[in-house]
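Chemist: This structure is in structure tokens; I'll ask about it shortly.
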Amino acid sequence: MKFKPLGDRALVKPDEQKEVKKGGIIIPETVKEKPQEGEVIAVGPGKLDENGKKIPMDVKAGDKILYGKYSGTEMKIDDVEYLIMHQDDILGIIEEKK
């Protein structure tokens, strides 16, 4: 299935959280913190300002991003978990050091 976000929304695939062990105890999935990094898979065309002028998106597909802890709406496409969120929920783009 293909998915195209509308407006200023982005489809984000959260990074997989690595299993955390403290003192030999495996922490169950239900108490692990949600990852706050992910990869942008698709973006909408941008939103319109009050004059009807389109404001383009600051992120693009393939960008590695940091987003708020409780941002976005969870959805599943072809058994893969994604988040759909407004651009305002994205805190920044993570750039690799060169």
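The values are calculated or read from the model by the stated rules, or taken from the named source; none is laboratory data. Being a predicted model, the structure only gives us computed values, none of them experimental. Counting neighbours? That spans all protein chains shown, and the Cβs are built from the backbone with ideal geometry, glycine included.
Chemist: Give the residue that is modelled with the lowest pLDDT, with candidates limited to residues of the stretch 4-41 that are farther than 20 Å from Tyr70 by Cα and not in a loop (DSSP other than H, G, I, E, B).
Modeler: Lys22
Chemist: So which residues in the stretch 73-93 are part of a strand (DSSP E or B), out of contact with any Ser or Thr (no Cβ under 6 Å at 6 or more places or on another chain) and within 14 Å of Leu11 (Cα to Cα)? Spell out the reasoning first.
Modeler: To start, the set of residues in the stretch 73-93 that are part of a strand (DSSP E or B) comprises 73-77, 80-86, 90-93.
Retained after the next criterion (residues that are out of contact with any Ser or Thr (no Cβ under 6 Å at 6 or more places or on another chain)): 73-77, 80-83, 86, 90-93.
Correct list: Thr73, Glu74, Met75, Lys76, Ile77, Val80, Glu81, Tyr82, Leu83, His86, Ile90.
Chemist: So, in the stretch 44-98, how many residues would count as being buried (at least 16 other Cβ atoms within 10 Å of the Cβ) and among the aromatic types (Phe, Trp, Tyr)?
Modeler: So the count comes out to 2.
Chemist: Quick test of your reading of the structure: Glu39 fulfils all but one of (1) closer than 19 Å to Met1 by Cβ; (2) in contact with a Phe, Trp or Tyr (Cβ under 7 Å, 6 or more places away or on another chain); (3) among the acidic types (Asp, Glu). Name the failing condition by number.
Modeler: (2)
Chemist: Another question about this same structure. Looking only at the stretch 42-72, filter to residues that are part of a loop (DSSP other than H, G, I, E, B) and small (Gly, Ala, Ser); which one of those is farthest from Glu95 (Cα to Cα)?
Modeler: Among them, the one singled out is Gly52.
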